[in-house]
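All remarks here apply to the structure that follows.
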Amino acid sequence: MIQNLSYYRIFYKVAKYGNISKAAKELYISQPAISKSIRKLEEGLETTLFIRSSKGVKLTEEGQVLFQHVESAFSILNSGEEKLHRNLELGVGHIRIGVSATLCKYMLLPYLSRFVKQNPHVRISIACQSSTDTLRMISENQIDLGFVGTQHVDKDILFQPVREIQDIFVASPEYLHNLEVRGVNPDEYLEKGTLMLLDKQNQSRKYIDANLGNYLNSSELIEISSMDLLIDFAKIGLGIAGVIRSFVENELETGELVQIRLPYELHPRPVGFAYKKSARFTDALQNFISMKLDG
């Protein structure tokens, strides 16, 4: 825009009222200031916009052309302001979240359900991928925050733990019975049984490899990208699966799955929100992070 926006607002009011005095009262500025602004606008546009008379002012043909566009522009601006105020009153916002399918289903989904009920006008976008990809998207400003199972993040990212998860190994009673029939004792399960683990890019797999890698010497290894499939495969007796304890609580209680004794117990690890240190915290984002995950 070549001219100062305030000139156009003054032009719009003068043209609307056809009177400099009325426009001055509306805008709370002096009549000489009004006349000076109109003169500056005309000089900038190199044309005459008003015909002055003792009765007031009247638009020239050139002024009429400009007024039609200025009127439309201010109408759009007013609509924008009204929508903005309405959005602020309703708490409208948009949050972009990155999370693995497993953490989304078992931990974030119930949380999202409560948040949406309390904030029905906030739009949520979900990018389901590994925690590694989620952290990359945060660094590249493609998402606002991630829900991840690792606290090892880049220096430009903050990690806010909200819960802990426990990695365990489980199998069906039938599968363990079959191992015993083959002469495999409990201390040899991880060595002689069929192991089922998430793929190497998954944070759960990285944690297990880092802490139990020397004990996972089985020649039978099945790598799967889905925790749900790991659990289902374990339930049908396909092998021994590395899973998250809280995801199989019901199966452990009913005896459908049995927890395997490990050489030593894996320590719980945190899961939580990750976001860029320089992130702009909108009200919607602040409310989302502040809400308790466990309800």
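The values are calculated or read from the model by the stated rules, or taken from the named source; none is laboratory data. Note that the structure is a prediction, hence the values are computed from the model and not measured. Using ideal geometry, Cβ is built from the backbone for each residue, glycine included, and neighbour counts are taken over all protein chains shown.
Observations
- Across region 272-281, not a single residue is classified as touching a residue at least 24 places away in the same chain (Cβ under 8 Å) and in a helix (DSSP H, G or I).
- If you go through region 41-61 and keep only what is in a helix (DSSP H, G or I) and surrounded by 15 or more Cβ atoms within 10 Å (Cβ to Cβ), you end up with Leu41, Glu42, Leu45.
Here is a yes/no grid of residues against (1) under 30 Å from the mean Cα position of the chain (by Cα); (2) at pLDDT below 90; (3) of a type in the set (S, T, N, Q):
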{"site": "Ser35", "(1), (2), (3)": "no, no, yes"}
{"site": "Arg52", "(1), (2), (3)": "no, yes, no"}
{"site": "His69", "(1), (2), (3)": "no, no, no"}
{"site": "Ser75", "(1), (2), (3)": "no, yes, yes"}
{"site": "Leu88", "(1), (2), (3)": "yes, yes, no"}
{"site": "Gly93", "(1), (2), (3)": "yes, yes, no"}
{"site": "Asn119", "(1), (2), (3)": "yes, yes, yes"}
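- The set of residues in region 127-156 that are among the polar types (S, T, N, Q), within 17 Å of Ser278 (Cα to Cα) and without any contact (Cβ under 8 Å) to a residue 60 or more places away in the chain contains only Gln142.
- Qualifying positions in region 225-254 - loosely packed, with under 15 Cβ neighbours inside 10 Å and among the β-branched types (Val, Ile, Thr): Ile236, Thr254
- Filter pass, Lys155 being in contact with a strand residue (DSSP E or B) (Cβ under 8 Å, 6 or more places away or on another chain) and loosely packed, with under 12 Cβ neighbours inside 10 Å: no
- Options Ile38, Ile29: the member that is among the β-branched types (Val, Ile, Thr) and either in a helix (DSSP H, G or I) or loosely packed, with under 12 Cβ neighbours inside 10 Å (or both): Ile38
- The set of residues from region 248-267 being touching a Lys or Arg at 6+ places or on another chain (Cβ under 9 Å) and in a loop (DSSP other than H, G, I, E, B) comprises Glu256, Leu257.
- Pro161 surrounded by fewer than 19 Cβ atoms within 10 Å (Cβ to Cβ), in contact (Cβ under 8 Å) with a residue 60 or more places away in the chain and assigned by TED's automatic domain parsing to the domain that holds Tyr275: yes
- Of residues in region 245-258 being among the polar types (S, T, N, Q) and within 35 Å of the chain's Cα centre (by Cα), the one nearest to Asp167 (Cα to Cα): Ser246
- Subset of region 49-60 [within 15 Å of Ile10 (Cα to Cα) and out of contact with any Lys or Arg (no Cβ under 9 Å at 6 or more places or on another chain)]: Leu49, Val57, Leu59
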